[in-house]
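For reference, the structure I am asking about is given below.
No value in this document is a laboratory result; all are computed from the given coordinates. From a predicted model like this one, the values you see are computed outputs, not experimental measurements. Virtual Cβ from ideal backbone geometry, glycine too; neighbours counted across all protein chains shown.
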Amino acid sequence: MGLGDIRYEHVIAATEEFRRLGRDTFLRTYGFGRAMSYELVLDGRRYDSKAIAGVAHGYATGDFWKARDFSGGAATVARCLRELGFVVETGEPSSNRAALLARLRNLKVSRGPGNSAPSRHQPLSLLWAIARAAGERPRLTLWPTFRDEVGPLLVEFGLPNAKATPEYPFWHLQGSGLWEVRGIPSEHAEKLPNARTFAELEPEAGFTAETADLLRDPVTRLDAIATLCETYLENIDRQALFARTGLSGYATAGSLLSLTEDEGADGATDEYGRAIGPAPRRDATRSVIVRNEALARRAKELEGNRCQICGTTLRYLNRPYSEAAHIRGLGSPHHGPDELQNLLCLCPNCHVLFDGLEIYVDSDGLVRGTRGGRVPRPIRRDPRHPMDEAHIAYHRTLCTLKAGEPAPS
C-alpha cells in the first residue's frame, strides 16, 4: 500500500481534522513536524502537505503513516496531491513572517501638524483586524461595519485632538502590502474615494489572503500585535485597548479571571448590611480544557514540589503543595501544547504573577519583573525537566505588551 491508495475525500477528511484540532495538536498527534517546503493550499488555508498525506493514508487504509514511514517532496507527496486536483505550493514561512513584521514596523502613517507622533489610525485598524483573524471571522469586512467598529476606537485611543477618519485606514492600508480593498471601480481607485462613494458602493476591505494565513499561527499573531504596540502604541492603556478590540486574551498568559468588582449576584442583607442566609448561587455552563494531569504531576515530582522561581516549598493538609503552570497558555488565543516542556512547577503566588505577566524568564534564564524593581534570580530546573525556549520566548513577548503600558496610579 502506498500514496496511490489516497483519494480526494481522504485528503478532505485529513484537512478537516487539521482545522478541528489546530496545526500544533494535529502535527503532534500524528508525529509530524512543520512543512519545510511543500504546503497544500485549500480555501485560503495552508496545510503541511506531508502530514496531510500521512493522515489521509490512514483514512484510506486504516494505517496512519508517521513522518518516518515515507518520504516527502515534489516527486512523492506533492505529485500525489496535485494529481488529485489539489494546489501544492512551495512555502517559505520564516521569510514570509519576517516580511510581515517588517511591513508592520514600516507603515506609511501620517503625522499631524505640530505633533511628531505617528498617527494611530492604521495600527488601531490592524489590531482590530487581527482580533477578527484570531476569532476566525471573515477577513474582508464591509465598509459600514468597519466604520461603525473602528471609528469609535480611533476616537478613544487615537492621538489627542486627532480627527477620527476611518475611511483613511480603510483605504490607505493598501500601501502596506498587507491589505486589500474590493468593490471600488477603477475610475475611483486612483485616490481616496469620498464618503458618498463609500456609502453608495459599500466596498469591503481586510488582510490579503497571504497575510490572513500567516496570522492564523498564534506565535506570528502575537509577534504582530507586539510589533504594532511597541512601534506605534507606547504609553497606552493596552488592557482597555485589548478589551475593546477583542484581544483581551493577550492581557494574561493563562486563564486568570478578569478582576472586576461587579460580577456575581448580590445576596439579601439585613438593616446592618450583613448577609442573610447562604451565599447566592447561579447556574452556569462552560467549556473547559482537559489537561493531562499525569504531566502536571510529573513536573511537580521532578521539581520536588518546590517553586522554580522563588524556591518556596508549601504544605497543605500535611502534604507538599505546588501548582503546574503552563508557560504558553492552553486556551485561546495562545493555543499552547499540553506537554512537559510547557510546564513549570510554581507556588500559588508566583503562578499568579507569571500568568498575570508581572514576571518573566529572560534569554539568560533569569526571572525578572516586567516593570523592573525585582532582583533577577535564575529559574530553578531539574536536568530531567526539559523546557522549550520557544514557549518561554512566547511568554516573554506577552510581557513586552504589559511593560509598554502606563504604570498604574
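From the square roots a ≥ b ≥ c of the eigenvalues of the alpha-carbon gyration tensor of region 3-91, which class results: rounded (a/c under 1.5), prolate (a/b over b/c), or oblate?
rounded
List the lysines whose Cα lies under 27 Å from the Cα of K402, skipping any in the same chain that are fewer than 8 positions away.
Within reach: K108.
Once the piece of chain linking N235 and L21 is laid out straight, how much longer is it, given 0.36 nm per residue of separation minus the C-alpha distance between them?
73.3 nm
Residues with beta-carbon under 9 Å from that of G183, excluding G183: net charge, scoring Lys, Arg +1 and Asp, Glu -1?
Its environment carries a net charge of -1.
What list do you get for I276, I379, I327 if you sort them by fewest beta carbons within 10 Å?
I276, I379, I327
Efficiency by 1/(1 + (r/R0)^6): what FRET value for T61 and D382, r their Cβ-Cβ distance, R0 = 51 Å, to the nearest 0.05? Working shown, then result.
Numbers: r = 43 Å, r/R0 = 0.84.
Approximately 0.75, to the nearest 0.05.
Let me ask another. Using +1 at the C-beta of Lys and Arg and -1 at the C-beta of Asp and Glu, which of T220, V367, S125 has the Cα lying farthest in the positive direction of the dipole of the chain?
The residue sitting most towards the positive pole is V367.
Which value in nm describes the separation of the simple spin-label points at L84 and D43, placed 7 Å from the Cα toward the beta carbon?
1.6 nm
Ranked by Cβ crowding within 10 angstrom, fewest neighbours first, how are H326, H385 ordered?
Values: H326 25, H385 18.
So the residues, fewest neighbours to most, are H385, H326.
Could I ask something else about it? Distance between Cα centroids, region 1-59 to region 194-237: provide it in whole Å.
29 Å
Under a no-solvent Debye model with one identical scatterer per Cα of region 342-409, what's log10 I(q)/I(0) at q = 0.13, 0.26 Å⁻¹?
-0.36, -1.39
Continuing with the same structure: Testing the spin-label approximation: label points 7 Å from Cα along Cα→Cβ at N106 and A243. State their distance in nm.
3.7 nm
Which one is right for this structure if volume of the Cα convex hull per residue in Å³ is calculated from it: (1) 121; (2) 203; (3) 231?
From the options (1) 121; (2) 203; (3) 231, the structure gives (3).
While we're looking at this one, here's another question. What FRET efficiency, computed as 1/(1 + (r/R0)^6) with R0 = 35 Å and r the Cβ-Cβ distance, is obtained for A164 and E187, rounded to the nearest 0.05?
0.80
Between T208 and R291, what is the label-to-label distance in nm when each label sits 7 Å out along the Cα-to-Cβ direction?
Inter-label distance under the simple model: 4.2 nm.
Let me ask something additional. What is the calculated FRET efficiency for E339 to E271, with r their C-beta to C-beta distance and R₀ = 51 Å, to the nearest 0.05?
Working from the Cβ atoms, E equals 0.35.
Which lysines have a Cα less than 27 Å from the Cα of K66, not counting those fewer than 8 places away in the same chain?
Partners within reach: K50.
Subtracting the Cα-Cα distance from 0.36 nm times the residue separation, let me have the gained length for R319 to S71 in nm, one decimal.
84.2 nm
Another question, if that's okay. Ranking H121, H10 by Cβ neighbours within 10 Å, fewest first, what do you get?
H10, H121
Which is farthest toward the positive dipole end of region 3-91 among F86, Y59, L40, measuring Cα position about the Cα centre, with Cβ charges +1 (Lys, Arg) and -1 (Asp, Glu)?
L40
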